[in-house]
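Written below as structure tokens is the structure these notes are about.
The values are calculated or read from the model by the stated rules, or taken from the named source; none is laboratory data. Just so we're clear, the structure is a prediction, and the values are computed from it rather than from any experiment. Ideal geometry is used to build each Cβ from the backbone, glycine not excepted, and the neighbour counts take in all protein chains shown.
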Amino acid sequence: MKIRKANLMLAGGMVVYGLGVAAVAQGPAPWSANPKVVEELGRKRPGINYDESKVPAYELPDALKTSSGARVTSPAMWERQRRGELLEIFRSQFYGRRPETKYIVKFQLVSEVKDAFDGAATGRDMMATVSIGERKFEFPFTVFLPNKAKGKAPAVVHINNRYPLPVKAVIEKHDPFWPVRTLIERGYATASFHTSHVDPDRKDGYDKGIRAFFANGQPQAADGWGALSSWGWGASRLLDYLATVPGVDATRVAVSGHSRGGKASLWAASEDTRFAIAYSNDSGCMGAAISRRKYGETVEVIAKAFPHWFCSNINKYAGKESDLPVDQHELIALVAPRAVYVASADEDLWADPKGEYGALVAASPVFGLFGKQAVSQTDMPALLQPRHVGSTGYHIRPGGHGLDDRDWGFFLDFAGGLLKR
């Protein structure tokens with residue numbers, strides 16, 4: 001049954017959207033989009049839906065039902081069968097398939113500051129060199145390690161899609177996009193790379209990045225990995241480095257990102273099960289938000305504007321969200337039984353906050369399969385009222401598309417309960 005809107009529920013094992021009776025909220029009212037913001041964005045982007053009443057009726061695929069229709073009843077069945085099915089769909093149709101070419105990665109220290117932040121941290125500018133035979137590809141990254149940690153520290157790998165932040169720049173000026181001093185003070189090591197250093201964030205940048213390097217300059221196949229997947233691969237290489245650092249516990253590492261970086265962080269954790277937490281901030285379409293809602297940015301819009309992010313097979317679904325073989329709650333589910341944190345912003349309707357939260361809730365049965373608690377309450381939390389339940393968490397803050405100190409604070413509160421010992 002398809003009903004136009006409203007509360008997320010689980011019916012007969014299927015995740016559906018339908019009319020429901022909302023529970024009486026205690027405290028601040030659940031978040032909903034400001035009508036003035038809806039009106040203003042509608043004028044700026046005609047043809048894009050920001051009206052909740054125009055969200056189409058839809059059913060979400062059941063993450064716990066295999067392609068043959070069998071019900072997933074155990075963690076072993078999920079790991080043995082269903083997880084692989086979902087990964088294959090996401091790889092072949094959306095993010096692309098990473099090459100199986102053998103390669104070697106070596107890490108070189110470029111420069112080091114041992115007394116950063118009044119002696120609290122050591123900062124390192126690093127270079128990763130990827131080798132396939134005699135061919136080489138290099139990309140820089142930055143690492144900060146706490147000097148006063150008791151035992152091995154947890155860490156955060158940050159996918160930075162804004163601008164390069166070498167050690168000197170980080171020390172000289174606080175940047176809320178990657179608040180290194182805050183991370184150090186909270187007991188974390190952290191590492192970050194700029195996305196375009198791994199693969200240029202341009203439609204015409206293929207020949208300059210890691211994807212072309214692996215392909216030895218040959219064109220992409222229809223299911224070849226897109227830039228989002230290459231950035232997730234880059235995050236895994238930073239995890240490789242952290243695993244060599246004596247003061248870091250590589251089993252307690254989160255991967256984080258904002259916007260396109262948030263899309264990449266979810267995919268990074270799906271592909272690499274070494275990441276303990278995936279943090280996705282304002283990631284929207286093909287990130288955390290439910291595509292079938294067709295709210296804000298859509299599959300058609302994103303595939304046309306940023307074709308280099310995906311494999312070309314995504315174009316089959318442009319304007320045909322009801323035909324999607326998966327939806328983004330299943331991407332979140334691929335991280336289970338590890339942890340996922342999703343964040344939204346009040347005025348960033350392009351990223352569809354309600355769709356981001358709804359996908360997190362719709363993934364909760366998979367976490368439950370593993371005996372993990374997860375966010376399942378269907379009504380959204382109020383602004384600045386984070387909802388942290390077991391292995392998943394969410395918050396929405398005032399303001400627009402961005403990543404700030406409040407976002408990091410809420411995330412680190414969540415992560416601390418899982419990564420700190």
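Give the residues of the stretch 136-152 that are in contact with a helix residue (DSSP H, G or I) (Cβ under 7 Å, 6 or more places away or on another chain) and of a type outside the set (Val, Ile, Thr), sorted by residue number.
Scanning the stretch 136-152 gives PHE137, PHE139, PRO140, PHE141, PHE144, PRO146, ASN147.
Residue check, LYS263 against (1) surrounded by 24 or more Cβ atoms within 10 Å (Cβ to Cβ); (2) under 13 Å from the mean Cα position of the chain (by Cα); (3) in contact (Cβ under 8 Å) with a residue 60 or more places away in the chain, all met but one. Which one?
(3)
Taking SER256 as meeting all but one of (1) over 15 Å from the mean Cα position of the chain (by Cα); (2) in a strand (DSSP E or B), write down the number of the exception.
It is condition (1) that SER256 fails.
Having 2 or more residues that are farther than 28 Å from SER283 by Cβ and more than 19 Å from the chain's Cα centre (by Cα) is the bar; report the helices (runs of 4 or more DSSP H) wholly within the stretch 105-207 that clear it.
Fully inside the stretch 105-207 and qualifying: 116-119, 167-172.
State all residues of the stretch 294-322 that are among the aromatic types (Phe, Trp, Tyr) and part of a loop (DSSP other than H, G, I, E, B); if no residue qualifies, say none.
TYR295, PHE306, PHE310
For the stretch 273-284, which residues satisfy the criterion of being within 11 Å of the chain's Cα centre (by Cα) and part of a loop (DSSP other than H, G, I, E, B)?
Listed by number, the residues that qualify are ASP282, SER283, GLY284.
For every residue, the table says whether it meets (1) touching a strand residue (DSSP E or B) at 6+ places or on another chain (Cβ under 9 Å); (2) surrounded by 24 or more Cβ atoms within 10 Å (Cβ to Cβ); (3) of a type in the set (A, V, I, L, M, F, W, C).
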{"residue": "GLY226", "(1), (2), (3)": "no, yes, no"}
{"residue": "SER229", "(1), (2), (3)": "yes, yes, no"}
{"residue": "ALA235", "(1), (2), (3)": "yes, yes, yes"}
{"residue": "ASP240", "(1), (2), (3)": "yes, no, no"}
{"residue": "ALA243", "(1), (2), (3)": "yes, no, yes"}
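I'd like to check something: does the stretch 184-201 contain any residue that is closer than 18 Å to GLU138 by Cβ, in contact (Cβ under 8 Å) with a residue 40 or more places away in the chain and among the small types (Gly, Ala, Ser)?
Yes, the stretch 184-201 contains a residue that is closer than 18 Å to GLU138 by Cβ, in contact (Cβ under 8 Å) with a residue 40 or more places away in the chain and among the small types (Gly, Ala, Ser).
Among the residues of the stretch 268-298, write down those that are in contact with a Ser or Thr (Cβ under 6 Å, 6 or more places away or on another chain) and surrounded by 24 or more Cβ atoms within 10 Å (Cβ to Cβ). Steps first, answer last, please.
Within the stretch 268-298, the first condition is being in contact with a Ser or Thr (Cβ under 6 Å, 6 or more places away or on another chain), and the residues that meet it are 272, 278-280, 282, 287-288.
Scanning the stretch 268-298 gives ALA278, TYR279, SER280, ASP282, GLY287, ALA288.
Here is a list of conditions, (1) of a type outside the set (Gly, Ala, Ser); (2) within 25 Å of GLU300 (Cα to Cα); (3) modelled with pLDDT under 95, and GLU59 meets all of them except one; can you say which number that is?
Every condition holds for GLU59 apart from (3).
Going through the stretch 118-129 one residue at a time, which ones are of a type outside the set (Gly, Ala, Ser) and either surrounded by fewer than 19 Cβ atoms within 10 Å (Cβ to Cβ) or without any contact (Cβ under 8 Å) to a residue 40 or more places away in the chain (or both)? Please lay out each step first, then the result.
Keep residues of the stretch 118-129 that are of a type outside the set (Gly, Ala, Ser), which gives 118, 122, 124-127, 129.
Residues satisfying the conditions are ASP118, THR122, ASP125, MET127, THR129.
Quick check: anything in the stretch 74-83 part of a loop (DSSP other than H, G, I, E, B), out of contact with any Cys (no Cβ under 7 Å at 6 or more places or on another chain) and either β-branched (Val, Ile, Thr) or modelled with pLDDT under 95 (or both)?
Checking the stretch 74-83: not a single residue is part of a loop (DSSP other than H, G, I, E, B), out of contact with any Cys (no Cβ under 7 Å at 6 or more places or on another chain) and either β-branched (Val, Ile, Thr) or modelled with pLDDT under 95 (or both).
Among the residues of the stretch 390-405, count how many are surrounded by 17 or more Cβ atoms within 10 Å (Cβ to Cβ) and more than 17 Å from the chain's Cα centre (by Cα).
The number of residues fulfilling the criteria is 2.
Of everything in the stretch 383-407, what is touching a helix residue (DSSP H, G or I) at 6+ places or on another chain (Cβ under 6 Å) and among the hydrophobic types (A, V, I, L, M, F, W, C)? Give them in sequence order.
Within the stretch 383-407, just ILE396 meets the criteria.
Select from the stretch 219-241 the residues that are farther than 19 Å from ARG260 by Cα and either out of contact with any helix residue (DSSP H, G or I) (no Cβ under 8 Å at 6 or more places or on another chain) or aromatic (Phe, Trp, Tyr) (or both) and list them in ascending order.
Initially, the stretch 219-241 is screened for residues farther than 19 Å from ARG260 by Cα, giving 219-223, 239-241.
Selection gives PRO219, ALA221, LEU239, ASP240, TYR241.
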